[in-house]
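The values are calculated or read from the model by the stated rules, or taken from the named source; none is laboratory data. It should be emphasised that the depicted structure is a prediction, and the values quoted were computed from it without experimental measurement. Glycine gets a Cβ as well: all are built from the backbone with ideal geometry, and neighbour counts include every protein chain shown. Surface areas here come from the heavy atoms of the whole protein model, side chains and all, with no ligands, DNA or RNA. Shrake-Rupley method; radii C 1.70, N 1.55, O 1.52, S 1.80 Å.
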Amino acid sequence: MVCHLGARRKLVAPCSIVIFGASGDLTTRKLVPALYHLRKENQMPPEFRIVGFARREKTDSSWREELRQALDQFSRTKPVDEAVWQEFSSHLTYCQGDLTDPAAYAKLERQLSAFGSLPLRQNLLFYLATTPSQFAPAIEQLHHAGLIGGPAATGWQRIVVEKPFGHDLASALRLNDELTRYAQEPQVFRIDHYLGKETVQNILMFRFANSIFERLWNRDSIDHVQITVGESQGVGQRGGYYEEAGALRDMVQNHLLQVLSLVTMEPPVSLDAEAIRDEKVKLLKSIRPLGEAEAARQVVRGQYFAGTIGGELRPGYRQEPKVKPDSNVETYAALKLFIDNWRWSGVPFYLRTGKCLPSSVSEVRIQFRPTPYVLFAAQCGQRLDANSLTLRLQPNEGISLRFNGKVPGPSVAVRPVRMNFTYDAEFGAYTPEAYERLLLESMAGDATLFIRRDEVEIAWQIVDAIRHGWAGKPLANREFYAAGTWGPVAADDLLAQAGHAWHEPLIPPHQPPSVRPPG
Ligand code: BG6
């Protein structure tokens with residue numbers, strides 16, 4: 001039986017989507033292709049408009065033409081369906097203006113009113129595909145132009161923003177204050193695109209819709225957990241951004257801590273956005289704080305130097321464009337965290353992420369406790385493998401269980417075998433882009449897959465404490481790693497302290513670096 005949790009297809013009321021920063025990469029590479037696919041799959045509301053707002057001079061038709069060309073490159077389905085595009089593009093209009101200029105917002109208001117339908121003027125999704133420093137002025141201007149109303153306003157108005165949500169806790173607090181000066185927190189949809197990934201969403205289904213695993217999901221059965229989010233790409237053209245960010249801010253503060261909280265949170269009282277987000281916050285709050293001494297023992301950073309990946313020579317981080325030749329910015333981070341609650345007391349959680357690793361692969365590995373060795377001691381000594389469960393987030397999305405089996409034959413030989421589930425084999429190759437789901441949810445007003453203010457702030461507390469310990473300390477030799485290896489030796493030492501070792505993910509065939517928007 002297929003059971004549609006949360007019921008039915010999302011009901012989305014007619015609305016207008018206004019994209020600020022419409023000339024940017026995110027719009028052409030991700031947002032418009034995602035909206036095109038939502039239209040193609042009949043998921044857009046019956047009536048909708050998409051308004052691109054940016055400074056450059058363009059007409060509706062030149063903007064459409066530009067987007068059409070980009071779609072050939074960035075659409076996940078090819079070739080582009082001309083009939084769908086023609087219909088879809090008739091909903092696209094362009095509004096030229098400066099984000100700080102009140103007259104531009106008056107023009108936007110006229111444009112929205114000219115659509116001639118009340119819902120298209122009142123139900124407004126503002127997607128701020130801009131730098132964070134532009135969020136506050138844009139929201140203020142929207143407010144003054146009467147485009148964002150408070151709770152008493154007619155229709156709905158929502159603001160979608162992307163990370164970085166600040167640079168540290170202090171700046172995140174400021175940013176959150178700015179975001180909510182003229183809008184209420186429930187109107188703010190903060191994107192972490194990992195939450196739009198099918199496999200990340202499946203973590204909760206997997207845990208709470210199956211009795212067999214949830215019963216083992218605690219300190220009694222689980223020895224430790226490893227979360228790996230590896231990338232074979234280097235920083236490429238994003239050196240300028242990355243010099244200000246580093247792996248801890250770029251990946252751990254958001255994606256890794258989000259995955260960790262889904263893997264470890266308690267069951268929510270319902271599938272409502274607030275119920276789920278309350279549990280995630282509770283979990284983040286129970287991560288044992290890292291003082292300077294703990295951070296030095298439990299967190300490792302790393303930086304890649306030149307090496308080869310898939311036979312291709314890659315430059316070191318310090319040789320990448322816009323990177324300081326003596327930069328100490330980390331391109332790799334590994335952490336050992338403890339969750340001080342009843343379920344997880346004493347279980348280490350190892351998180352690692354890095355650029356220029358041997359492959360782009362993300363997975364969660366649950367390592368179960370071993371059985372007593374006595375029975376097979378003669379055959380296997382202490383080497384009998386403990387069971388493990390791997391949730392493969394990307395690529396080759398799936399779940400695999402590793403357990404011990406008897407090798408056929410007269411001897412009592414035991415060896416690990418695998419049981420594999422792959423999404424492709426079970427459901428076919430349906431892989432919607434994270435942005436499709438996230439845009440749909442934001443239009444539908446469901447905030448489950450978006451980050452609430454308190455989640456952002458607690459995550460910064462964790463990251464700030466670690467960064468504080470690193471301040472002013474140059475990288476040591478053991479913290480460098482060659483491009484194409486799984487990180488610095490110091491990261492192996494981190495696990496070795498407890499007799500653990502990193503599990504090397506199965507390497508999928510080498511993938512070309514994926515193209516991502518800068519920033
Ligand atoms: C982004 C980071 O948030 O996530 C990038 O800024 C990183 O540095 C990217 O490459 C990884 O996302 P994905 O979906 O390719 O795993």
>> Going through GLY469, GLY487 one at a time, which residue ends up being small (Gly, Ala, Ser) and modelled with pLDDT under 90?
In response: GLY469
> In the range 174-228, what residues are of a type in the set (Phe, Trp, Tyr) and touching a Phe, Trp or Tyr at 6+ places or on another chain (Cβ under 9 Å)?
Replying inline: PHE189, PHE206, PHE213
> Checking ARG478 against (1) open to solvent by less than 60 Å² (accessible area, probe 1.4 Å); (2) over 30 Å from LEU283 (Cβ atoms), which single condition isn't satisfied?
Replying inline: (1)
>> Quick check on my filter: what residues within the range 176-224 are assigned to a loop (DSSP other than H, G, I, E, B), open to solvent by 30 Å² or more (accessible area, probe 1.4 Å) and within 22 Å of LEU31 (Cβ to Cβ)?
In response: LYS197
> Going through the range 414-444 one residue at a time, which ones are among the small types (Gly, Ala, Ser), modelled with pLDDT under 95 and either closer than 30 Å to LEU124 by Cβ or touching a strand residue (DSSP E or B) at 6+ places or on another chain (Cβ under 7 Å) (or both)?
Replying inline: ALA434
> Quick check: anything in the range 211-229 closer than 17 Å to TYR423 by Cβ and either away from the ligand (no atom under 14 Å from the Cβ) or of a type in the set (A, V, I, L, M) (or both)?
Replying inline: no
> What number of residues within the range 6-54 satisfy the criterion of being open to solvent by 10 Å² or more (accessible area, probe 1.4 Å), more than 25 Å from ALA104 (Cβ to Cβ) and not acidic (Asp, Glu)?
Replying inline: 14
> Picking from ALA429, ALA413, which residue would you name as being free of Cβ contacts under 8 Å to residues at least 60 places away in the same chain, closer than 30 Å to LEU26 by Cβ and surrounded by fewer than 18 Cβ atoms within 10 Å (Cβ to Cβ)?
Replying inline: ALA429
> Of all the helices (runs of 4 or more DSSP H) wholly in the range 55-172, which have at least 1 residues that are under 20 Å from PRO33 (Cβ atoms) and either away from the ligand (no atom under 16 Å from the Cβ) or open to solvent by 50 Å² or more (accessible area, probe 1.4 Å) (or both)?
Replying inline: 60-74, 82-89
>> Among the listed residues ASP446, ASP493, identify the single one that is open to solvent by less than 50 Å² (accessible area, probe 1.4 Å), touching a residue at least 12 places away in the same chain (Cβ under 8 Å) and of a type in the set (Asp, Glu).
In response: ASP446
> Out of the range 173-199, which residues are out of contact with any strand residue (DSSP E or B) (no Cβ under 6 Å at 6 or more places or on another chain) and within 16 Å of the ligand (Cβ to nearest atom)?
Replying inline: HIS193, TYR194, LEU195, GLY196, LYS197, GLU198
>> For the structure I just gave you, tell me whether GLY21 is on the phi < 0 side of the Ramachandran plot, touching a helix residue (DSSP H, G or I) at 6+ places or on another chain (Cβ under 8 Å) and in contact (Cβ under 8 Å) with a residue 40 or more places away in the chain.
In response: no
> Taking the range 236-261 as the region of interest, how many residues are within 11 Å of the ligand (Cβ to nearest atom), farther than 14 Å from SER362 by Cβ and either among the polar types (S, T, N, Q) or not in a helix (DSSP H, G or I) (or both)?
Replying inline: 1
> Within the range 265-286, can one find any residue that is open to solvent by 40 Å² or more (accessible area, probe 1.4 Å), within 15 Å of the ligand (Cβ to nearest atom) and out of contact with any Phe, Trp or Tyr (no Cβ under 7 Å at 6 or more places or on another chain)?
Replying inline: no
